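Reading through the structure tokens given below for one structure.
Every number in this text was worked out from the coordinates using simple rules, so none of it is lab data. All values reported here derive from a predicted model rather than from experimental measurement. Note that we place each Cβ from the backbone using ideal geometry, even for glycine, and neighbour counts take in every protein chain shown.
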């Protein structure tokens, strides 16, 4: 499998997980579950689906140690969500506001900053998933890079 195919699979899994997260969130809220517990449930389920989909479909790394891969996946992903994204948002928000001449409201600035932060975290996740979480040594022999 080529690097491009792996990257495409990574993007597809990410899109699928976003749909799962949003779909479950709104379905649970519609069923009367309060927003915060609904969000915890929806993101938790999407997180677990993401791990197994990336392990088996994106990187085809089912030969590796499941507990090791899961622990590394959690660390890599949470670092991206709780460290990288806030850092990018904090650093780029003032730049975006200044570049726009302060014509954008705070919500628009946050949206643009969050989109940039999401891009940074996706690159971080892909690189570390490929090199650390699901390394070539854990992939089936026909899925190792040539």
message: I'd like the distance between the alpha-carbon centres of region 1-71 and region 78-146, rounded to an integer number of Å.
response: 16 Å
query: Which order results if 124, 82 are arranged by neighbouring Cβ count within 10 Å, fewest first?
result: 82, 124
query: Any idea what angle helix 66-79 forms with the longest principal axis of the chain, computed on alpha-carbon atoms, 0 to 90 degrees, nearest 10?
result: 20 degrees
task: Order by neighbour count: 9, 55, fewest other Cβ atoms within 10 Å first, most last.
output: 9, 55
- request: With everything on Cα atoms, drop me the angle between helix 106-128 and the longest principal axis of the chain, reported from 0 to 90° to the nearest 10.
  value: 10 degrees
field: Helix-only [θ]222 nm of the chain, DSSP H runs n ≥ 4, -39500 (n - 2.57) each, per residue, nearest 500
entry: -23500 deg cm²/dmol
field: Mean separation of Cα contacts under 8 Å (6+ apart) over length of region 41-146, as relative contact order %
entry: 42 percent
- line: Ranked from fewest to most other Cβ atoms within 10 Å of their own Cβ, 106, 21 fall in the order 106, 21
